[in-house]
Amino acid sequence: MGIDILKEKFSLKGQTALITGSGRGIGKGLSTAMAKAGADIVVLDIIEENVHKTVEFLESTAGTKAYPYVADLSKTDMIPHYVQDILSDCGKIDILVNSAGIQVRKPALDFTLEEWNSVITIHLTASFAMAHAIVPGMIARGGGKIINIASLNCVMAVPNIIAYVAAKSGIGGLTRSMSVEWSQYNIRANAIGPGFTRTKLTEKLFQDPVKTKWVMDRIPMKRLADPENDLGYVAVFLASDASSYITGQIIYVDGGWLAS
Ligand SMILES: NC(=O)c1ccc[n+]([C@@H]2O[C@H](COP(=O)([O-])OP(=O)(O)OC[C@H]3O[C@@H](n4cnc5c(N)ncnc54)[C@H](O)[C@@H]3O)[C@@H](O)[C@H]2O)c1
């Protein structure tokens, strides 16, 4: 009986989650956990091949429905059309996860304005535009959940990624603003701040043994984050009724980094 109540509280059955950047990496891990918790998933990514691979993977491992959608979120004026298209396919979006991201690594003074804009656009502007297009439908259906993917760089700067640090710091404010404006509509907005995770985004960093040692030395748990098992079930928690009184928060999932 006790376990049944837990299952019910953490279940995403009957919910549809749109996860940006879910063709690979952290977005794919979040999708996997949410699908295993019962959600149907809209897999949105710019890389078509990866969209189809994730859809096949989700349908074969979790058995829930997965909808493929190929889109370039840097074209922010297209986002309302993408969302309309997606809704005509899947009918509703109960959970929005903004995970798509890019990185540009170079000293601040070498950044071009174009590079700066590209990073700010994907992480910050597209996250706002996705919510802006999806939230009216959530309001009409009586509520929803938004999970933004933040970073340790929300609160900590390291050299050579100035646009990323600025964008991820902005994700903190975006999440808090969403929560205070949309609580009245039964919409909760939270963020996950993942610690270092081995993905395409961090591939270059982990090719450098000095930087790898610098990272590993700072993680009390002495390991990197796993997209599904360490991050994905935190997303399930934030999307489920188990977190019904949590909104406007950033949950850092970092193996102890920020505490140390
Ligand atoms: N890897 C880490 O250590 C780490 C740590 C903290 C936060 N994050 C954040 O996690 C999120 C996922 O990153 P990741 O590490 O899985 O990287 P990743 O490169 O593996 O995944 C990013 C995904 O976003 C997609 N994407 C990029 N530009 C897009 C666009 N214009 N339109 C649509 N999709 C686009 C990519 O195709 C890719 O599938 C990002 O927001 C990143 O900032 C990553």
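The values are calculated or read from the model by the stated rules, or taken from the named source; none is laboratory data. These numbers come from a predicted model, not from an experiment. When we count neighbours, we look across all protein chains shown, and the Cβ atoms used for this are built from the backbone with ideal geometry, even at glycine. Just so you know, the surface numbers come from the protein's heavy atoms only, side chains and all, with ligands and any DNA or RNA stripped out. Shrake-Rupley method; radii C 1.70, N 1.55, O 1.52, S 1.80 Å.
So the check is Cβ under 9 Å with 6+ separation or different chains; which pairs have a first residue in the range 70-99 that's at positive phi and a second one that's of a type in the set (Ser, Thr, Tyr) and not in a helix (DSSP H, G or I)? From residues that are at positive phi, the pairs are Gly91/Thr16. Taking residues in the range 38-62 that are free of Cβ contacts under 8 Å to residues at least 12 places away in the same chain, and partners anywhere that are open to solvent by less than 20 Å² (accessible area, probe 1.4 Å), the pairs with Cβ atoms closer than 7 Å and at least 6 places apart or on different chains are Glu59/Ala66. So for the range 62-69 (the condition being open to solvent by less than 10 Å² (accessible area, probe 1.4 Å) and either assigned to a helix (DSSP H, G or I) or within 21 Å of Ser127 (Cβ to Cβ) (or both)), does at least one residue qualify? Within the range 62-69, none of the residues are open to solvent by less than 10 Å² (accessible area, probe 1.4 Å) and either assigned to a helix (DSSP H, G or I) or within 21 Å of Ser127 (Cβ to Cβ) (or both).
On the stretch given as the range 231-254, residues that are more than 19 Å from Met178 (Cβ to Cβ), out of contact with any Asp or Glu (no Cβ under 8 Å at 6 or more places or on another chain) and surrounded by fewer than 21 Cβ atoms within 10 Å (Cβ to Cβ) total 2.
Taking the range 162-184 as the range and being aromatic (Phe, Trp, Tyr) and touching a strand residue (DSSP E or B) at 6+ places or on another chain (Cβ under 8 Å) as the test, only Trp182 passes.
Of all residues in the range 9-36, those satisfying the criterion of being of a type in the set (A, V, I, L, M, F, W, C) and either within 8 Å of the ligand (Cβ to nearest atom) or open to solvent by 40 Å² or more (accessible area, probe 1.4 Å) (or both) are Phe10, Ile26. Restricting Ala129, Ala189 to those that are open to solvent by less than 10 Å² (accessible area, probe 1.4 Å) and either more than 15 Å from the ligand (Cβ to nearest atom) or over 14 Å from the mean Cα position of the chain (by Cα) (or both) reduces the list to Ala189.
The listed residues are Asn153, Asn160, Asn148, and the only one of them that is open to solvent by 40 Å² or more (accessible area, probe 1.4 Å), modelled with pLDDT of 95 or more and under 18 Å from Leu201 (Cα atoms) turns out to be Asn160. Each residue in the range 37-61 was checked for being exposed (fewer than 14 other Cβ atoms within 10 Å of the Cβ) and touching an Asp or Glu at 6+ places or on another chain (Cβ under 6 Å), and 0 of them qualify.
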